[in-house]
Amino acid sequence: MVFFDYISCFINLLLLVICVLLGVGFLTLLERKVLGYIQIRKGPNKAGLLGLPQPLGDGIKLFTKEQVFPLMSNFYIYYLSPVLNLFLALIIWLCMPFWFGFMNFNFGVLFFLCCSSLGVYTIMLSGWSSNSIYSLLGSLRSVAQTVSYEVSLALVLISFLIFIMSFNIFNFMVFQNYLWMIFSFLPLALIWFITSLAETNRTPFDFAEGESELVSGFNVEYSAGGFALIFLAEYANILFMSMLFSLFFMGSDFYSWLFFLKLGFISFCFIWVRGTLPRYRYDKLMYLAWKSFLPVSLNFLIFYLGVKMVLFSSMIYY
C-alpha cells in the first residue's frame, strides 16, 4: 500500500511539473501577443494556427543549439546553476495545496520562504561562475534587489499569518469564505504585487537586463540550453507568484476553474506592467524598498497585530 502511495505521489508531481512547464510555454506566447497589441502590431502568428506552436518551436531551437561556454569560466558551477535555478522554481510549486499525496502540508508558507530565498544563490553563482565582470555586475544587482524586497515580502506575509494563525496555505481558503483579503488588506495587496515584480526581476525592476550597460546581466554568457533553463525558471516563478496572489487575496477557491482565470489575469498584469512602464533607476529601486515598503509594511504589521489582539480579547470576554 505504501508503495502505491509513493507511485501516486510521483505521478502527481510529474503531472504538476509538466503542467507548469506547459503553462510557462504558453505564458511566453501570451506575453509576446499582448506586447504586440500594446505596441500596435501582431505577435507570433506564422507558426501553425494563430502561432500556437511557437513556444514549442522556440524550445526546440534553444535546446538543439550548440552549447558554448567561456574559456575561463568555473565549468561545473557554470553548468549546474541554471539547472538548480529551474529545480528550485519547480519544487516551490509543492506548497500549492492539493488533497492528494503529501503536498497539502502544514508548513507551506515556510517552505515557500525557504525556496524563494535559496533562489538568490543560483543567481549569484550564475554571475560569478562565468568569470565576466558584466555577468558579475548583473548578478550582484539582481541579488541585492531580491534580498531587499524579500524583507517587505516576509513582513507582508507575517501580517496574513497573524490573522490566519497557521502556516498551512489551505487555511487561506477557509478564512476567505465570506470576504476576500484584497478588500481588508488592499494596501498590502498592492505592496505584495509590486514586490512580486521585483522578486521575479520583471519590468520595471529588471536590473539584471540593463541593456545599456549590462547586456542581459548574469545570463550574458549563457546561450542555448543554459539560457532556456534560466528563462523557464523566471517564468515559472511568475506563474507561482500569480498563483500566490490569487490564493492570498482573491478567494483561494483552488478547486474551481475561476481560480485559474484569476491566476491568468494576474499573469496578464505582469505583462501589462512590462508593456506600460519604463525601467526604474537603481537608487530609486533601493529607496522604494527600504524607505517606502519597509516602514509601511512594518506599520501595517503592528496595526493588524493590534486588530487581532482586540478581536481575540473580545472573543475571550464574550
TODO: List every residue pair whose Cβ atoms lie under 7 Å apart, where the two residues are 6 or more positions apart in sequence or sit on different chains, the first residue falls within region 254-268 and is basic (Lys, Arg), and the second residue, located anywhere, is part of a helix (DSSP H, G or I) and modelled with pLDDT of 85 or more.
DONE: Lys262/Ser246
Open item on the list: Just to check your reading of the model, which residue among Val68, Val109, Val83, Val17 is in contact (Cβ under 8 Å) with a residue 40 or more places away in the chain, β-branched (Val, Ile, Thr) and either in contact with a strand residue (DSSP E or B) (Cβ under 8 Å, 6 or more places away or on another chain) or surrounded by 17 or more Cβ atoms within 10 Å (Cβ to Cβ) (or both)?
Closed with: Val109
Open item on the list: Among the numbered criteria (1) surrounded by fewer than 18 Cβ atoms within 10 Å (Cβ to Cβ); (2) touching a Phe, Trp or Tyr at 6+ places or on another chain (Cβ under 7 Å); (3) modelled with pLDDT of 85 or more, which one does Trp192 miss?
Closed with: (1)
Open item on the list: Suppose the filter is assigned to a helix (DSSP H, G or I) and of a type in the set (Gly, Ala, Ser); does Ser252 pass it?
Closed with: no
Open item on the list: I need the full set of residues from region 57-76 which are at pLDDT 80 or above, within 26 Å of Ile133 (Cβ to Cβ) and among the hydroxyl-bearing types (Ser, Thr, Tyr), in order please.
Closed with: Tyr76
TODO: Return the total of residues in region 31-64 being within 23 Å of Phe265 (Cβ to Cβ) and part of a helix (DSSP H, G or I).
DONE: 12
TODO: Working only within region 263-313, note down all residues that are exposed (fewer than 12 other Cβ atoms within 10 Å of the Cβ), hydroxyl-bearing (Ser, Thr, Tyr) and modelled with pLDDT of 85 or more.
DONE: Thr276
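The values are calculated or read from the model by the stated rules, or taken from the named source; none is laboratory data. Since the structure is predicted, the reported quantities are computational estimates derived from the model, not experimental observations. No Cβ is skipped: glycine too gets one built from the backbone with ideal geometry, and neighbour counts run over all protein chains shown.
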